[in-house]
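The numbers here are math on the coordinates, done by the rules we state, and not lab data. Predicted, not measured: the structure shown is a model, and the values here were computed from it. Every residue, glycine among them, receives a Cβ derived from its backbone with ideal geometry; neighbour counts consider all protein chains shown.
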Amino acid sequence: MNVAEKISELKEKKAREPGLAQKRLLDFFDEGSFVEMGGLNKVANVTTGYGTVEGNLVFAFAQDGVVDVRHATKIASVYDNAIKMGAPVVGFMDSRGLKIDEGADAFEAYGILFSKQTDASGIVPQICVVLGHCLGIAALTPMLSDFVIMSRDKGEIFMTSPSTFEGLEGKSTTYEQLGGAEALFKKTSLIDLEFDNEEQAIKGARELVTMLPANNMEEAVSESSDDINREDEALNTIIDDSEFDIKSVICSIADNNKFCELKSGFATNMIIGFVKLNGTTTGIVANNGKMSVSACEKAYAFINICDAFNIPILSLTNADGYEDNVDREQRGLIKNSARLLTAFKNASVAKVNVIIKSAVGNAYLVMNSKHIGADVVLAWPCAEISLLSREASLNIMGISAEDYDYESSPITVSGKGYIDDVIIPAATRKRVLAAFEMLSSKKVAPINRSHSTIQF
């Protein structure tokens, strides 16, 4: 048997018996589009290649063993090609970490991988899908990515393996409570999307890819079947509803009422995610109630990603001040509020803000207000825009409600130039679309992006 015949036999055998890693990639890519790279390198414990997702080029890797230099080098090749071609990278994480007996070579392996991830930061989107173990230093890989998806049934992320925790066995705390998907999704901002199982997680990765641009020089635009002039009379009833769900407003504005929410289990008083507006992917930043440390943290990181990948931002403001907590400054509220303000101010993408109801105090200021550079600010008639709430003003001034001339209507604020227009709630979608259409040719030099400033 000659060399060509031997290679052909190996390829046929692999095609007949796909391993778990290869199967995951086949499930992820469009049918028949996956092309494996380095398929004859069996000792690297990782399957790599490229294909299409809804017709768009994507590079990917899937782990199926421990990490060594050969493993990392193979993944590095994926990143090199993705950066050259300006296409996203999706990694399927399932490894017990590095080979302990390799010593310093193990650090070289991760050094190679982390260097490529930082090189790609802000140039092409990076998504990590955690379907199994992601232990030790491997836990940094998803954290260096833009988005992290995790399956609830098998996914685990630990910097320090639970097996090294003294006295863990026999206690009520479980491995899942320390590093499982549900715990991380609700208690931290580390996980963007969680799903019950591997199949759903892979499908979720495909859907997220379709919402993102291929790189930092392109826009995520697709055909829209929704009416750009569609109105929603149900929004008019929110004026008198103190317990409304701001997600219903987001869905009403979005094409076909579809909202891809991220980090929904963490800091639920701040809503972030993606919608399509007349086919263009737009980032949503919507707060509902009092601002908190976690809400600011969740929002500013997302704004930086949107800015890095040229994704316009729509904010919905319902900011009733800050959470009442005497030690909030010590817990980082001042620092994180400043980060949120900076993220909005420095974002060079189109920025539209709709003030739904409350816009009170510093929380209003940092939520994409006109004062810090919002391109267009709209307000509903029921909006209240003020330096302080009515109650706080009365307490500070020490006078009765009868003697206080309290005026915070959007009409008054609009007259000062801080609001562009007061709109009927039902018409929010078409007014927002009109604003973004006007801003479609906006050109502003990027300022101090959190991601790499190198452009594809």
Rounded to whole Å, sorted largest first: equivalent-ellipsoid semi-axes of region 233-441, Cα gyration tensor: 26, 21, 16
Charge dipole magnitude, Cβ of K and R +1, D and E -1 - region 233-441, Cα centre, debye nearest 20: 920
LEU140 paired with SER348, simple spin-label distance in nm, labels 7 Å along Cα-to-beta-carbon: 3.0
Cα-Cα over 24 Å, subset of LYS186/LYS335; LYS335/LYS416; LYS23/LYS84; LYS23/LYS247: LYS335/LYS416; LYS23/LYS84; LYS23/LYS247
Net charge of Cβ neighbours under 14 Å - reference GLY417; Lys, Arg +1; Asp, Glu -1: -1
Net charge of Cβ neighbours under 10 Å - reference THR280; Lys, Arg +1; Asp, Glu -1: -2
